[in-house]
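Undergrad: Take a look at the following structure, please.
The values are calculated or read from the model by the stated rules, or taken from the named source; none is laboratory data. The structure presented is a predicted model; accordingly, all values stated were derived computationally and were not measured. Please note: Cβ atoms are built from the backbone with ideal geometry, for glycine as well, and neighbour counts cover all protein chains shown. Surface areas here come from the heavy atoms of the whole protein model, side chains and all, with no ligands, DNA or RNA. Shrake-Rupley method; radii C 1.70, N 1.55, O 1.52, S 1.80 Å.
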Amino acid sequence: MAKGKNGFVAFMDDLPVLVKAILALPGLDFIWGIYRLVKGISKNNGTLTIVGLLWIFLGVPLLWIIDLVTIILSGRPTVLVD
């Protein structure tokens, strides 16, 4: 686990790419919204926190494909702001 990272964020970052891709499928993508929300709160980043909240509700019907593609290409979901 990387120093200074939230436990949940570090856990999600350390998952195998296949598991990350499965979590990006429709119906499960809200988990990446929670990831963004927790990461935004832990970094005291208001923009990322808002993106996390929006992703929880919009990720399942619309944004899951963005996460799936970026996980396949880069091994991590789109965070938009770090």
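Undergrad: Kindly provide the helix-only [θ] at 222 nm of the chain, computed as the sum of -39,500 (n - 2.57) over DSSP H runs of four or more divided by all residues, to the nearest 500 deg cm²/dmol?
TA: On the way: 5 runs with 51 residues, N = 82.
Roughly -18500 deg cm²/dmol at 222 nm, from the helical runs in the chain.
Undergrad: Give me the one-decimal nm value for the distance between modelled label points at Arg76 and Leu18, 7 Å along each residue's Cα-to-Cβ direction.
TA: The modelled label-to-label distance comes out at 2.3 nm.
Undergrad: Rounded to a whole number, what % of the accessible area of the chain do carbon and sulfur atoms account for, probe 1.4 Å? Don't skip to the end; give the middle numbers.
TA: On the way: 3440 of 4660 Å².
That fraction is 74 percent.
Undergrad: A follow-up question, please. Which order do Phe11, Phe57 take when ranked by solvent-accessible area (1.4 Å probe, heavy atoms of all protein chains), largest first? Could the numbers behind the result be given before it?
TA: Working: Phe11 120, Phe57 155 Å².
Solvent-accessible surface, decreasing: Phe57, Phe11.
Undergrad: Related question: Ignoring ligands, DNA and RNA, what accessible area per residue does the chain give at 1.4 Å, in Å²? Mind dumping the intermediate values first?
TA: Details: 4660 Å² over 82 residues.
Value for the chain: 57 Å² per residue.
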